[in-house]
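Visitor: This is the structure, below, for whatever I ask next.
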Amino acid sequence: VARSVRRYEPADRRAVEEICFQVGFMGEPASVFWPHRKSFVDLWAGDYLDREPESAFVAIADGALVGYLVGCVDTASWPDENARMMRVFMRHKLPFRPSMTSFLVRSTLDAIRDRGTAAGGLRDPRWPSHLHINLVEMARGTGLGSMLMTAWLEHARTAGSPGCHLSTMAENSRALSFFAKHGFTVHGTAQPIPGVRTVKGGRVHQLFMVRTL
Ligand SMILES: CC(C)(COP(=O)(O)OP(=O)(O)OC[C@H]1O[C@@H](n2cnc3c(N)ncnc32)[C@H](O)[C@@H]1OP(=O)(O)O)[C@@H](O)C(=O)NCCC(=O)NCCS
């Protein structure tokens, strides 16, 4: 199999969005907790490709796009995560989408029960950059993830960033060991994410990881 990583090009957009929704929940379909495809993909892929296409990389295996990494070099230059989330809510009219009702009700109840511990994004000048990485199942364990990460870290470093953070799920053990292998350490403690449940119904927790560049 011929494997490579290159910079994102506009023609890659559909394939990136497809992977985002297909594996966007710890390698499982995002529809497990967020059934409305367009809004999920807008928030976690499209917005990154619109704002910072030069910070996106794709992984290719035998000519097919099998993974991507999207990033933001300076998180402080972007609207915060709650504002980005609210924009997507409005743009896609999520409160009026029947498919999203159970998620929205559950998030509201969770937020009350958790007393507002939901984390959102991390804005710390020590680690201003952040990223999201996703590979289809057949591309995992092939080295493509590491190639994407190496390309991104070099890009952020070249742009002058002193550090990078990411948000993952404490239940995503494979991602945790992958990020640790790439120099990231856990920052803070895991916080329950409102509305999100595993297929078996368990709560899911957000965990920040950081590294200097
Ligand atoms: C997270 C991801 C990018 C990592 O890429 P990868 O190619 O799978 O990573 P690696 O194969 O290098 O695995 C990393 C480590 O996880 C561990 N690991 C491998 N398979 C595992 C499994 N099934 N379960 C738990 N840990 C596993 C190994 O310790 C491995 O380290 P090693 O290479 O020293 O043996 C990729 O798995 C992925 O896209 N997953 C689905 C989407 C996702 O979860 N994205 C991250 C969201 S924050």
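All of the numbers you see were taken from the coordinates with simple rules; none came from a lab. Remember, predicted model here, so these are calculated numbers, not experimental data. We place every Cβ from the backbone using ideal geometry, glycine too, and count neighbours over all the protein chains shown.
Visitor: Do you know which of the residues in the stretch 143-170 that are in a loop (DSSP other than H, G, I, E, B) and touching a strand residue (DSSP E or B) at 6+ places or on another chain (Cβ under 6 Å) is farthest from Leu43 (Cα to Cα)? Outline the logic, then answer.
Guide: Going residue by residue through the stretch 143-170, those that are in a loop (DSSP other than H, G, I, E, B) are 143, 159-162, 170.
Applying the additional criterion that residues be touching a strand residue (DSSP E or B) at 6+ places or on another chain (Cβ under 6 Å) yields 161, 170.
Numbers: Ser161: 23, Ala170: 21 Å.
If we take residues in the stretch 143-170 being in a loop (DSSP other than H, G, I, E, B) and touching a strand residue (DSSP E or B) at 6+ places or on another chain (Cβ under 6 Å), then Ser161 is farthest from Leu43 (Cα to Cα).
Residue by residue, here is whether (1) of a type outside the set (Lys, Arg); (2) in contact (Cβ under 8 Å) with a residue 40 or more places away in the chain holds:
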residue	(1), (2)
Tyr48	yes, yes
Ser55	yes, yes
Gly67	yes, yes
Ala83	yes, no
Arg87	no, no
Met90	yes, no
Thr101	yes, no
Ser107	yes, yes
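Visitor: Same structure again: Can you name every residue in the stretch 179-207 that is hydrophobic (A, V, I, L, M, F, W, C) and either without any contact (Cβ under 8 Å) to a residue 40 or more places away in the chain or more than 11 Å from the ligand (Cβ to nearest atom) (or both)? Steps first, answer last, please.
Guide: Taking the stretch 179-207 first, the residues hydrophobic (A, V, I, L, M, F, W, C) are 179-180, 184, 186, 190, 193, 196, 199, 204, 207.
Passing the criteria: Phe179, Ala180, Phe184, Val186, Ala190, Ile193, Val196, Val199, Val204.
Visitor: So, one more: Looking only at strands (runs of 3 or more DSSP E) that fall completely inside the stretch 1-74, which ones have 2 or more residues that are away from the ligand (no atom under 14 Å from the Cβ) and among the basic types (Lys, Arg)?
Guide: 3-7
Visitor: Find the residue count for the stretch 152-174, including only residues that are buried (at least 17 other Cβ atoms within 10 Å of the Cβ), over 14 Å from Trp127 (Cβ atoms) and away from the ligand (no atom under 12 Å from the Cβ).
Guide: Selection size over the stretch 152-174: 1.
Visitor: Another question, if that's okay. For the stretch 90-118, which residues satisfy the criterion of being hydrophobic (A, V, I, L, M, F, W, C) and either over 30 Å from Ser55 (Cα atoms) or out of contact with any helix residue (DSSP H, G or I) (no Cβ under 9 Å at 6 or more places or on another chain) (or both)?
Guide: Result: Met90, Phe96, Met100, Phe103, Leu104, Val105, Leu109, Ala111, Ile112.
Visitor: If you take the residues of the stretch 128-141 that are part of a loop (DSSP other than H, G, I, E, B) and within 15 Å of the ligand (Cβ to nearest atom), which of them is nearest to Glu54 (Cα to Cα)?
Guide: Initially, the stretch 128-141 is screened for residues part of a loop (DSSP other than H, G, I, E, B), giving 128, 136, 140-141.
Filter again for within 15 Å of the ligand (Cβ to nearest atom), leaving 136, 140-141.
Working: Val136: 22, Arg140: 24, Gly141: 26 Å.
Among them, the one singled out is Val136.
Visitor: Residue under question is Val73, and the condition is that it be in contact with a strand residue (DSSP E or B) (Cβ under 6 Å, 6 or more places away or on another chain), farther than 23 Å from Glu18 by Cβ and touching a residue at least 40 places away in the same chain (Cβ under 8 Å); does it hold?
Guide: Yes; evaluated as a whole, the condition is true for this residue.
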